[in-house]
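The values are calculated or read from the model by the stated rules, or taken from the named source; none is laboratory data. Values in this document were obtained by computation on a predicted structure and should not be read as measured data. As a convention, Cβ positions derive from the backbone with ideal geometry for all residues, glycine included, and neighbour counts pool all protein chains shown.
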Amino acid sequence: MNDTPFQDFPPYVQQSKGKPKFLVLFLIVFVLVLAILAGLYFLGGASKKSIDKVMPVPTSAIVLPSPTPASPSASVSILPSGKITPTSKIGPTGVSSSTQRSELKVAVLNGSGVVGAAQKTSSYLKELGYNVVSTGNADGYSYTGITIKVRKNKSAYLAMLKKDLPPIASKGATIVGSIDDTIATDAEVIVGK
């Protein structure tokens, strides 16, 4: 054999190119990264939705039913002559002229424990023309329906308050009224559950 310096090296064999293996490996890594990012996107979106459901954004808007305006009441009179003459009276229904809402000092108290219950009722009564002098919490949160307490000298207002409060009361709530001279104002309206 010939002693040549190239005999120590193996014969030259052309190796297959590593590009297809590299391309396959790159595609696998790329798909995995996309799958991870998509998973994080959907998981992150789901957690944001659950936070929205658990913690609603508080708003300060309170929608109150509009007070009913004074409605005319009509009646029909039959005269001895046989003629029928309609007559109408316009004014607040069920209210005598000596009983004005603005003359009654009312305290509205929260007896339900629901935040804003007294304030909502207070705003409604003010819209009707009542003189609401204070709002606050009742002596407890065990009241149900609406409890009205009126001083004896203002007892004419009890029926009016009972008539005015049903639109603001919870559906099916009872409205109970009583005379109580121990209260600090002319009337107390306690909003229960």
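Examine segment 122-136 for a residue that is assigned by TED's automatic domain parsing to the domain that holds Glu103, in contact with a Ser or Thr (Cβ under 6 Å, 6 or more places away or on another chain) and at positive phi, and state whether such a residue exists. Yes, the conditions are met somewhere in segment 122-136. Looking only at segment 157-178, residues that are out of contact with any strand residue (DSSP E or B) (no Cβ under 9 Å at 6 or more places or on another chain) and either outside the structural domain of Leu104 (by TED's automatic domain parsing) or within 12 Å of Arg101 (Cα to Cα) (or both) come to 2 in all. Within segment 94-114, restricting attention to residues that are among the polar types (S, T, N, Q) and surrounded by 13 or more Cβ atoms within 10 Å (Cβ to Cβ), the residue that is modelled with the highest pLDDT is Asn110.
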